[in-house]
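Okay, structure first, notes after.
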Amino acid sequence: MVIQSPFKDYYDFVANQFGGGDPRIVYVRKRLAPQKNNGNKIYESNLEIEIEGNSPLINLTSMFCRDQQETQTVFLVVAAKLYRMTQPGIEMYYSYFTNVNNFKVQSPEETAEEIKKQRRRWIRDSFTYGIEYPFLVDLSRQIQAPVFVVREAHSSWKSLKTCITIAGQCPILQAVGMPTLIPPTRMYQDLAYFVGNTLHNTPEQQPPVEVTNEQKILKAGFDLTQSFRHRVAK
């Protein structure tokens with residue numbers, strides 16, 4: 001995998017161990033939305049998207065992201081695996097514009113233990129952090145990025161859809177503490193496989209197209225209005 005990025009991360013050097021990386025797999029690591037300029041002040045932006053139906057992200061962000069006082073939470077997605085990230089509590093409004101690299105990632109074990117301590121009703125919704133989920137694969141494909149941060153998700157009152165707020169900033173995994181969870185070689189290999197095999201739907205991954213009998217007849221050069229026997233008799 002070849003990485004094209006305006007910044008460096010802790011696993012970048014691994015590409016040199018593979019001769020610079022496979023040029024057929026390119027990870028363009030960049031912002032998902034540009035920063036906003038409000039006069040003399042530049043601040044972070046978000047990407048707002050909608051997906052069909054309800055997403056498990058609704059329950060997860062409801063459990064952690066609303067009415068917070070001591071700890072602010074966002075969710076890091078890496079190759080369709082989810083991790084909780086926290087920082088000291090701030091007002092919800094301003095958290096939408098904070099630098100995502102100010103957050104620190106929790107291990108899946110830490111997150112699971114904290115959920116048990118909270119003893120809220122959302123504990124009934126079983127979710128395992130740090131493993132790949134199909135709905136996160138779909139989300140990654142929609143925004144065409146293997147690494148991003150989910151700030152919040154909620155149901156749309158206008159339609160049966162989920163509204164997801166994603167940070168416009170691409171996180172630096174070293175800054176948020178991922179080296180303590182995943183070593184650089186494994187991170188590079190996981191991302192290379194995800195970008196090269198999962199992020200983009202390839203023809204090999206698509207279900208085979210079913211050909212009808214009529215299409216088979218036309219492909220063979222025969223006329224649908226006359227039988228083969230009649231054509232031979234002429």
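What to note about this one:
- Residues in region 152-169 that are part of a loop (DSSP other than H, G, I, E, B) and surrounded by fewer than 16 Cβ atoms within 10 Å (Cβ to Cβ): Ser156, Trp157, Lys158, Ser159, Leu160.
- Considering region 170-220, the residues that are β-branched (Val, Ile, Thr) and outside any helix (DSSP H, G or I) include one that is modelled with the lowest pLDDT, namely Val209.
- Residue match in region 70-80 (condition: out of contact with any Leu (no Cβ under 8 Å at 6 or more places or on another chain), acidic (Asp, Glu), at pLDDT below 90 and not in a strand (DSSP E or B)): yes
- Residue that is nearest to the chain's Cα centre (by Cα), among those in region 31-50 that are in a loop (DSSP other than H, G, I, E, B) and surrounded by 12 or more Cβ atoms within 10 Å (Cβ to Cβ): Leu32
Yes/no per residue for (1) without any contact (Cβ under 8 Å) to a residue 24 or more places away in the chain; (2) of a type in the set (Gly, Ala, Ser):
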site: Ser155; (1), (2): no, yes
site: Lys158; (1), (2): yes, no
site: Thr165; (1), (2): no, no
site: Gly168; (1), (2): no, yes
site: Ile172; (1), (2): no, no
site: Gly177; (1), (2): no, yes
site: Leu181; (1), (2): no, no
site: Asp190; (1), (2): no, no
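- The set of residues from region 18-37 being more than 18 Å from Ala167 (Cα to Cα) and either free of Cβ contacts under 8 Å to residues at least 24 places away in the same chain or among the aliphatic types (A, V, I, L, M) (or both) comprises Phe18, Gly19, Gly20, Pro23, Ile25, Val26.
- Considering region 152-166, the residues that are under 17 Å from Phe64 (Cα atoms) and of a type in the set (Gly, Ala, Ser) include one that is modelled with the lowest pLDDT, namely Ser155.
- Test: residue in region 221-231 that is out of contact with any strand residue (DSSP E or B) (no Cβ under 7 Å at 6 or more places or on another chain), basic (Lys, Arg), closer than 25 Å to Asn59 by Cβ and modelled with pLDDT under 90: no
- Scan region 107-151 for residues that are assigned to a helix (DSSP H, G or I) and either closer than 19 Å to Asn46 by Cβ or at pLDDT below 90 (or both) and the total you get is 17.
The values are calculated or read from the model by the stated rules, or taken from the named source; none is laboratory data. Small disclaimer: the values here were computed from a predicted structure and weren't measured. We place every Cβ from the backbone using ideal geometry, glycine too, and count neighbours over all the protein chains shown.
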